[in-house]
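Asks: Here's a structure for you.
The values are calculated or read from the model by the stated rules, or taken from the named source; none is laboratory data. Bear in mind that the values here come from a model prediction, so they are computed numbers and not experimental data. Positions of Cβ are generated from backbone atoms using ideal geometry, with glycine treated the same way; all protein chains shown enter the neighbour counts. Ligands, DNA and RNA are stripped out before the accessible areas are found, and what is left, the full protein with its side chains, is counted by its heavy atoms. Shrake-Rupley method; radii C 1.70, N 1.55, O 1.52, S 1.80 Å.
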Amino acid sequence: MASIDLDKMLEKIKSTQWALSDIDWDAPGAELITEEQWPKLKEFMADLMWIEHVGARAFAALSKKAPTDTLREIYSYFHAEEQRHANAEMALMRRWGMLDGDEIPEPNVNLRIVIEWLDRFADEMPVYVLGTVVPMLEIALDGALCTFLLETVEDPVCHQAFEKINDDESRHLGVGFTVMEMQGRSASYIKMVQMMARVMDPRLILGIASYMPLLNKMRDNVIAMGLPEEKLYKAMQKFERIGGRTEEGRRNPWFQLIKQHGRWVTNRSNKAYHVPVDALVKITGLVPRKALPAVPSWVKELTYEPVATR
Amino acid sequence: MSESSNAKKASAGKKAPARRKSAAKKAATARKAAARKAPAKRAPAVTPVSVLIVGAGFAGLGMAIRLKQAGIDDFVILERGNAVGGTWRDNQYPGAACDIPSNLYSYSFAPNPNWSRSFSGSQEILDYIHHLVAEFDLEKHIRFEKNVADLSFDEKTGVWTATTDKKERFAGRAAIMAQGPLSNCSFPNITGIDDFAGKKIHSARWDHDYDFTGKNVAVIGTGASGIQIIPELVNVAKHVKVFQRTPGWVLPRPDFSTPEWNKLLFKKLPASQQAMRNLLYWTHESMALAVIWNSPLTRIAERVAKLHLRRQVKDRWLRRQLTPDFTIGCKRVLVSNDYYPALQKDNAKLITWPIARISEKGVRTVEGIEHQVDCIVFATGFDVSNSGTPFPVKGRGGRVLGEQWKGGAQAYKSINVAGFPNLFMTFGPNSGPGHNSALVYMESQLEYALKGIRKIIGENLKVLDVKEEVQQRYNKSIQKRLAKTNWNSGCKSWYLTEDGFNATMYPGFATQYAAQMADFREDDYETA
């Protein structure tokens, strides 16, 4: 697959916008959620919504850092589109009676840590780091979770919403992989040196420390929902397949790093990775919510209301 | 229906036998021959005045004053509106004010000791303009509601003729284009804008009869006008949503009211006001080092703006939304003390999601939400043409200025264009300041034009035309200098054309510009 024309992509993004009000959230079908499904689905949707929201914040950081005007504008759209996905998922939760009044569902502790990290450091990160991590998160978590959701939930409104969401996501991934290839085009050793300098950055180490347990935690949540573990791994392997389809893509050291990490995650027998990371999940699970700083104000922008009058 | 059928009948009636047709042909040929001998249909000649001025804003009136002071009294000002004041007549939105101190944003040849504040509001500036008209007895020279639709030069007579949209004609030996760069505005090209069923207001065409009390309002645009309107609207409207595309750099505004003793001092001792003007002038001149070129002072100016933001906005995310990602000076630097606080009031909200479209009830943003409002205020600026003219301007040999400027406007010293003799432009190409008072630049232009006009009248010239090669050389140097400025450093702004050509700004100090304009070199011109 050749790299996409980003200017044309921007035009396409602008011309294919949709709004929450395009969907009738009160249409019949909500009753198709079974009683057995309901509690697990509630947890699942909350996680999914938060992943979209975290993705949105990462795109916000990319929109400041991207090397060209076009890419900056594309990322500012993606930022808003991920927010739209989170809003739509929240609207689904409301439809299914999963929201406690007007309250936004609580993010799990690993997500809270990632939110905190993004809020403090994401804007400082070079475009290469987030530009590679975000497609991985999208393909692995978003991709796998959305597919799974559509396979298990019969509500037609859910299918209607995710059809739109998936269309957006396919554009996000298309741009994501193109950017990864762009990053692989210049001399690799320079990139490697730059990357090593960045890896030494304590802010990035903190980011890695919050990203790793998030993946394992999500894996646990997904399995609890009944998603076969293999599906998640298959999605992660897709990252390796598409990201490494060209010479440029393979030359991107961040791709190599994330790919390698993906292999560790999907190999359960790799004790050297999973024992400490699972331990981290447990430890972070013990962190009392009160010990975490207040959520940043960008989190409060989430809404399930298609229309805002104030 | 009847008209067209009549027309058909008439044309059918002309279809006569061949003999009659040939007779008619002969008659037509004879008519044509007669017409060649004496062009009877030609519009009657208009007696030219010495100077024809288009526009009764600051520039046109300033030119008129300087002409009068120079003893040239036969000039006419053509004004498309029914009142003087130009941009200050049009921009009377709540909170409208100039972002340059009034003691500098006024004419040095017509000082006003009575400015009520350091940064006066638009009504007070308009009052000053009215005062100029009265003091210099300009009213009799102004022809209101004369909307120029064409300006053409006749090389044989050396006269410019302006034709209005009502076909009235005015002629002058010299012409001043003082229509202003920021005089036309229109609603932006946002999808669905015509679907909106509520009230639409453009900042430069304010509807003073619309009552904002209790209304939900959207403001699109956070440039120089937007940041002045928003605090005022937040004070009266029920809720204000501010849609921002790009945040600008905002510096604190040292605005204070002028004490009575100060006014008295300026009145009794005009030298003290001149001293104040000089102080302001040099302070602004020093800002060029921060705003025009990327220097250590640029970092200091950005630091000051960031501190201003930090002091006024406590929330980290909001601060991030309001932090620009371009070098200060690349776009117009904003000054305000009340914009950031207004955004944080309970009835205000900053929205940075891109706008997807405007709907019947409000603004839809890309995060999927429709923000429903009663009124949308468009603070989206002006239709700036960097590559055309507001009306056709025809010079020697029928050349059209707009066509010559298609690739980007250019002139000699911003004021003359080769092939368009005896024509002087105020705020022509590459005359814009980013750091100092526009009127300082304007004064230099007026003095230059006056020198040219004196030469035309004094030597009874039909043609005073800048040489093409002189203009080329000048522009080559200007564009070379512009490449090193912050304006050309990568941000999108109204200073640049779509292709990134800067036909707007002058890459230097006001002092440099004034020096260039003070030097009228006769050798640069072809005369006849």
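Asks: Quick check on this structure: which one of B:N416, B:N430, B:N436 is under 18 Å from the mean Cα position of the chain (by Cα), in the same structural domain as B:P94 (by TED's automatic domain parsing) and within 26 Å of B:T157 (Cα to Cα)?
Replies: Answer to the check: B:N416.
Asks: Same structure again: Touching a residue at least 24 places away in the same chain (Cβ under 8 Å), open to solvent by 70 Å² or more (accessible area, probe 1.4 Å) and of a type outside the set (F, W, Y) - does that describe any residue in region B:223-230? Outline the logic, then answer.
Replies: In the first step, residues of region B:223-230 are kept if they are touching a residue at least 24 places away in the same chain (Cβ under 8 Å); the result is B:223-230.
Now narrow it down to the ones that are open to solvent by 70 Å² or more (accessible area, probe 1.4 Å): none.
Within region B:223-230 (the criterion being touching a residue at least 24 places away in the same chain (Cβ under 8 Å), open to solvent by 70 Å² or more (accessible area, probe 1.4 Å) and of a type outside the set (F, W, Y)), the answer is no, since none of the residues qualifies.
Asks: Taking region B:476-503, which residues are modelled with pLDDT of 95 or more, closer than 19 Å to B:N416 by Cβ and either charged (D, E, K, R) or buried (at least 19 other Cβ atoms within 10 Å of the Cβ) (or both)?
Replies: Once the filter is applied, which keeps residues that are modelled with pLDDT of 95 or more, closer than 19 Å to B:N416 by Cβ and either charged (D, E, K, R) or buried (at least 19 other Cβ atoms within 10 Å of the Cβ) (or both), region B:476-503 yields B:K476, B:I478.
Asks: B:F382 versus (1) within 14 Å of chain A (Cβ to nearest Cβ); (2) in a loop (DSSP other than H, G, I, E, B); (3) closer than 28 Å to B:C491 by Cβ; (4) open to solvent by 20 Å² or more (accessible area, probe 1.4 Å): which is the lone unmet condition?
Replies: (1)
Asks: Restricting to helices (runs of 4 or more DSSP H) lying wholly in region A:196-295: which have 1 or more residues that are in contact with a Leu (Cβ under 7 Å, 6 or more places away or on another chain)?
Replies: The helices (runs of 4 or more DSSP H) meeting that bar are A:202-225, A:253-266.
Asks: When region A:79-94 is examined, which residues are found to be more than 7 Å from every other protein chain (Cβ to nearest Cβ) and either surrounded by fewer than 24 Cβ atoms within 10 Å (Cβ to Cβ) or within 23 Å of A:D123 (Cα to Cα) (or both)?
Replies: A:H79, A:E82, A:H85, A:A86, A:A91, A:M93, A:R94
Asks: Now, a different point. (1) open to solvent by 50 Å² or more (accessible area, probe 1.4 Å); (2) within 14 Å of another protein chain (Cβ to nearest Cβ); (3) among the basic types (K, R): which one isn't true of A:K8, the others all being true?
Replies: Exception for A:K8: condition (2).
Asks: Considering region B:282-318 alone, what residues qualify as being polar (S, T, N, Q) and outside any helix (DSSP H, G or I)?
Replies: Passing the criteria: B:N294, B:S295.
Asks: Scan region A:38-55 and give yes if some residue there is away from every other protein chain (no Cβ under 14 Å), free of Cβ contacts under 8 Å to residues at least 40 places away in the same chain and within 30 Å of A:N221 (Cα to Cα), otherwise no.
Replies: Yes: region A:38-55 contains one or more residues that are away from every other protein chain (no Cβ under 14 Å), free of Cβ contacts under 8 Å to residues at least 40 places away in the same chain and within 30 Å of A:N221 (Cα to Cα).
So that you can scan it fast, the table gives a plain yes or no per residue for (1) within 14 Å of another protein chain (Cβ to nearest Cβ); (2) in a strand (DSSP E or B); (3) surrounded by 18 or more Cβ atoms within 10 Å (Cβ to Cβ):
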position	(1), (2), (3)
B:R320	yes, no, yes
B:I328	no, no, yes
B:N337	no, no, no
B:D346	yes, no, no
B:G368	yes, no, yes
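Asks: What number goes with the only condition from (1) on the phi > 0 side of the Ramachandran plot; (2) in contact with a helix residue (DSSP H, G or I) (Cβ under 9 Å, 6 or more places away or on another chain); (3) small (G, A, S) that B:S203 does not pass?
Replies: The one condition B:S203 does not meet is (1).
Asks: Could you please find all residues in region B:53-81 being part of a helix (DSSP H, G or I) and of a type in the set (A, V, I, L, M)? Give the derivation first.
Replies: As a first pass, look at region B:53-81 and keep what is part of a helix (DSSP H, G or I): B:58-69.
The answer is B:A59, B:L61, B:M63, B:A64, B:I65, B:L67.
Asks: Say whether the condition of being closer than 30 Å to B:L334 by Cβ, open to solvent by 50 Å² or more (accessible area, probe 1.4 Å) and part of a loop (DSSP other than H, G, I, E, B) is met by at least one residue in region B:504-519. Reasoning before the result, please.
Replies: Just the residues of region B:504-519 that are closer than 30 Å to B:L334 by Cβ, to begin with: B:504-517.
From the residues that got through so far, the ones that are open to solvent by 50 Å² or more (accessible area, probe 1.4 Å) too are B:509, B:511-512, B:515.
Next, only the ones that are part of a loop (DSSP other than H, G, I, E, B) stay: B:509.
For region B:504-519, residues closer than 30 Å to B:L334 by Cβ, open to solvent by 50 Å² or more (accessible area, probe 1.4 Å) and part of a loop (DSSP other than H, G, I, E, B): present.
Asks: From (1) within 14 Å of chain A (Cβ to nearest Cβ); (2) part of a loop (DSSP other than H, G, I, E, B); (3) touching a Lys or Arg at 6+ places or on another chain (Cβ under 8 Å), pick out the condition that doesn't hold for B:D255.
Replies: (1)
Asks: Could you say which residue among A:T34, A:T16 is within 12 Å of chain B (Cβ to nearest Cβ) and open to solvent by 10 Å² or more (accessible area, probe 1.4 Å)?
Replies: Only one candidate passes the filter, namely A:T16.
Asks: Let me ask another. Given B:K492, B:K480, which one is more than 19 Å from B:N436 (Cβ to Cβ) and in a helix (DSSP H, G or I)?
Replies: Being more than 19 Å from B:N436 (Cβ to Cβ) and in a helix (DSSP H, G or I) holds for just one of B:K492, B:K480, which is B:K480.
Asks: Checking A:I115 against (1) in contact with a Phe, Trp or Tyr (Cβ under 7 Å, 6 or more places away or on another chain); (2) in a helix (DSSP H, G or I), which test does it fail?
Replies: All conditions pass for A:I115, except number (1).
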